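Engineer: Sharing a structure, written as structure tokens. Questions coming.
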Amino acid sequence: MADEKFQETLYKGWRTEYTCAEVYFDSETDHQRLIIFRNPDFGRMMMLDGITQTTEADEFIYHEMLAHVPILAHGAAKRVLIIGGGDGGMLREVLRHPTVEHCTMVEIDPSVVELSKEHLPNHSAGAFDDPRTNLVFADGAAFVKETTDRFDVMIVDSTDPIGPGEVLFEDTFYAAARNCLAPGGVLVTQNGVPFMQPDELRNTVAHLRNLFADASCYLATIPTYVGGPMALGWATDNPDLRNVDETVLEERFKKLGVKTHYYTPAVHKAAFALPGYISEIIG
Ligand code: SAM
């Protein structure tokens, strides 16, 4: 019998098809259709509503770049907030920083957490049991509106602006997110692949520029987010954080003493250099 195949349906006129060697879960949760299966090239992978979320093979790129860039640029982050991130990979990378004393993660869909623990255990690698973790099941947009907690770094590890993730791309969300940041705090966001999703990046950066002294994006190339580099949004009231010297980043990274497979201080610096077409999108 031929292998089953799953098509990603994110883009209007371009389909990526994944061969499925084994299905671990395929059903509707209360919020979305969740599939976890194994692909011969990418290992175990998860799709939500037909959109690739994460794979065992390339998750390190996305998680290292959304966690280590803001935390090492900030230099003294003690409190971190993750919105989304149900697979636990972001939590794992954040908690590799011993200086982080507390991490709240707000995920809308408990099934993503439970099924990721079961079928993608290397993503969280025990991070949900870390005493510094505060796992909240709620809509991230409602959480940031209501909380009185303040965070040094906030990471929006969301789905694309379709379904439950749509609210995480609205100006009201970004305004409430700003209020959750401690002075000098930094917000980073998953912002799609600009070559294919230019409006997503254009809108986010426009909203962020209305709210913060400094807003831009940086880039990471993640094979399963096809169509060129992915944009990660960046916003803070401290413009110096985008220009921390490489020598300072090297010192902080050396002190951290963790092995990464994509992040290096040189890659951190270079990630903020934008190709012409991406600078034109954000204006
Ligand atoms: N790396 C992924 C990507 O770029 O596609 C993101 C992965 S992570 C699994 C995204 C998570 O965001 C999902 O678990 C989803 O349930 C969660 N999510 C979507 N909308 C949300 C909301 N409004 N509040 C909190 N979490 C949300």
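Engineer: Given the options LEU168, LEU208, LEU249, name the one that is open to solvent by less than 30 Å² (accessible area, probe 1.4 Å), outside the structural domain of MET47 (by TED's automatic domain parsing) and closer than 19 Å to LYS78 by Cβ.
Structural biologist: The match here is LEU249.
Engineer: Looking only at the stretch 112-137, filter to residues that are open to solvent by 30 Å² or more (accessible area, probe 1.4 Å) and more than 15 Å from MET90 (Cβ to Cβ); which one of those is nearest to the ligand (Cβ to nearest atom)?
Structural biologist: For the stretch 112-137, the residue satisfying everything is PHE137.
Engineer: Also, quick follow-up: Take ARG178 and tell me if it is more than 15 Å from the ligand (Cβ to nearest atom), modelled with pLDDT of 95 or more and farther than 19 Å from LEU201 by Cα.
Structural biologist: No; evaluated as a whole, the condition is false for this residue.
Engineer: For the stretch 84-103, check the following and say yes or no: at least one residue is under 17 Å from the mean Cα position of the chain (by Cα), away from the ligand (no atom under 15 Å from the Cβ), open to solvent by less than 10 Å² (accessible area, probe 1.4 Å) and closer than 21 Å to GLY192 by Cβ.
Structural biologist: Scanning the stretch 84-103, I find no residue that is under 17 Å from the mean Cα position of the chain (by Cα), away from the ligand (no atom under 15 Å from the Cβ), open to solvent by less than 10 Å² (accessible area, probe 1.4 Å) and closer than 21 Å to GLY192 by Cβ, so the answer is no.
Engineer: Being exposed (fewer than 15 other Cβ atoms within 10 Å of the Cβ) and either within 15 Å of the ligand (Cβ to nearest atom) or assigned to a strand (DSSP E or B) (or both) is the requirement here; does GLU64 meet it?
Structural biologist: no
Engineer: Report whether or not ILE51 is within 11 Å of the ligand (Cβ to nearest atom) and in contact with a Phe, Trp or Tyr (Cβ under 6 Å, 6 or more places away or on another chain).
Structural biologist: Spelling it out, it is not the case that ILE51 is within 11 Å of the ligand (Cβ to nearest atom) and in contact with a Phe, Trp or Tyr (Cβ under 6 Å, 6 or more places away or on another chain).
The values are calculated or read from the model by the stated rules, or taken from the named source; none is laboratory data. Keep in mind that this is a model prediction, so the values were computed, not measured. Don't worry about glycine lacking a Cβ; one is built from the backbone with ideal geometry, like all the others, and counts go over all protein chains shown. These accessible areas exclude ligands, DNA and RNA; they are computed on the full protein's heavy atoms, side chains included. Shrake-Rupley method; radii C 1.70, N 1.55, O 1.52, S 1.80 Å.
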